[in-house]
Amino acid sequence: MEKIKVWQGDITTLEAEAIVNAANHSLLGGGGVDGAIHRAAGPQLKEECKTLNGAETGEAKLTKGYQLPADYVIHTVGPVYKDGNKGEPEQLAACYRNSLKVAADHEIKTIAFPAISTGIYQYPALEAAQIAVKTINESLNSYPTIEQVILVAFDAHTKQRYETELAAIKANNKYHS
């Protein structure tokens with residue numbers, strides 16, 4: 001089994017132990033993938049999120065999955081992209097690292113990530129894919145209990161970006177399987 005794989009489709013239909021929500025600071029739902037996850041999970045998700053007191057950029061918090069096929073949702077707040085010089089790359093990498101840590105801390109074996117911050121937060125998609133793949137690949141050594149990370153692409157362009165980044169890491173013998 002590939003440790004990191006790419007899958008194109010709707011994250012709310014994916015059967016993984018945990019899916020990651022690209023949330024806003026309130027964690028109470030919003031647009032894009034955040035709204036879709038909240039709608040698919042049902043009102044219980046919002047009720048549980050109210051008890052979490054929000055989250056800071058880069059932080060990750062766990063809830064149940066409720067009506068989703070996933071058992072859990074890991075909510076992380078990605079950075080709003082300004083110009084790339086305000087700490088956005090580090091903040092985006094923290095989203096992936098902290099989500100993986102939450103998964104490992106709760107013995108979650110499979111975790112699926114959307115393209116964090118590439119929607120209304122306007123992170124450039126290519127740079128976001130590079131950060132996602134590099135950070136996940138480097139972080140997996142610290143979390144041997146995680147068996148598989150699924151990079152979920154909503155469209156073909158995002159899928160291609162992820163596949164290109166994975167291929168580059170494998171070609172440079174930096175892939176941690």
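The set of residues from the range 150-176 being open to solvent by less than 50 Å² (accessible area, probe 1.4 Å), under 12 Å from Lys5 (Cα atoms) and assigned to a helix (DSSP H, G or I) comprises Tyr162, Glu165, Leu166. Scanning the range 102-148 for residues that are over 12 Å from the mean Cα position of the chain (by Cα), assigned to a helix (DSSP H, G or I) and under 22 Å from Ala70 (Cβ atoms) yields Ala104, Asp105, Ser139, Leu140. The set of residues from the range 128-149 being under 19 Å from Gln8 (Cα atoms) and open to solvent by 10 Å² or more (accessible area, probe 1.4 Å) comprises Gln130, Ile131, Gln148. Note on the range 143-177: residues that are under 28 Å from Asn85 (Cβ atoms) and polar (S, T, N, Q) amount to 4. Only one of the numbered conditions (1) surrounded by 15 or more Cβ atoms within 10 Å (Cβ to Cβ); (2) closer than 21 Å to Ala153 by Cβ is not met by Lys61, and that is (2). Among the residues of the range 146-157, those identified as under 21 Å from Thr110 (Cα atoms) and modelled with pLDDT of 95 or more are Ile146, Glu147, Gln148, Val149, Ile150, Leu151, Val152, Ala153. In the range 125-137, the residues that are over 11 Å from Phe113 (Cα atoms) reach residues that are of a type in the set (Phe, Trp, Tyr) and open to solvent by 10 Å² or more (accessible area, probe 1.4 Å) with C-beta atoms within less than 9 angstrom, at least six apart or across chains, in these pairs: Glu127/Tyr81; Ala128/Tyr81; Asn137/Tyr175. Among the residues making up the range 64-90, a single one is open to solvent by 10 Å² or more (accessible area, probe 1.4 Å), closer than 22 Å to His106 by Cα and hydrophobic (A, V, I, L, M, F, W, C): Leu68. Per this entry, His75 is not counted among residues that are touching a strand residue (DSSP E or B) at 6+ places or on another chain (Cβ under 9 Å) and in a helix (DSSP H, G or I). Note on the range 32-64: residues that are farther than 16 Å from Pro114 by Cα and part of a loop (DSSP other than H, G, I, E, B) total 7.
Within the range 4-41, being at pLDDT below 95 and either open to solvent by 50 Å² or more (accessible area, probe 1.4 Å) or touching an Asp or Glu at 6+ places or on another chain (Cβ under 6 Å) (or both) holds for Glu15, Gly32.
The values are calculated or read from the model by the stated rules, or taken from the named source; none is laboratory data. Not measured: the values here are computed from a predicted model. Every residue, glycine among them, receives a Cβ derived from its backbone with ideal geometry; neighbour counts consider all protein chains shown. Ligands, DNA and RNA are stripped out before the accessible areas are found, and what is left, the full protein with its side chains, is counted by its heavy atoms. Shrake-Rupley method; radii C 1.70, N 1.55, O 1.52, S 1.80 Å.
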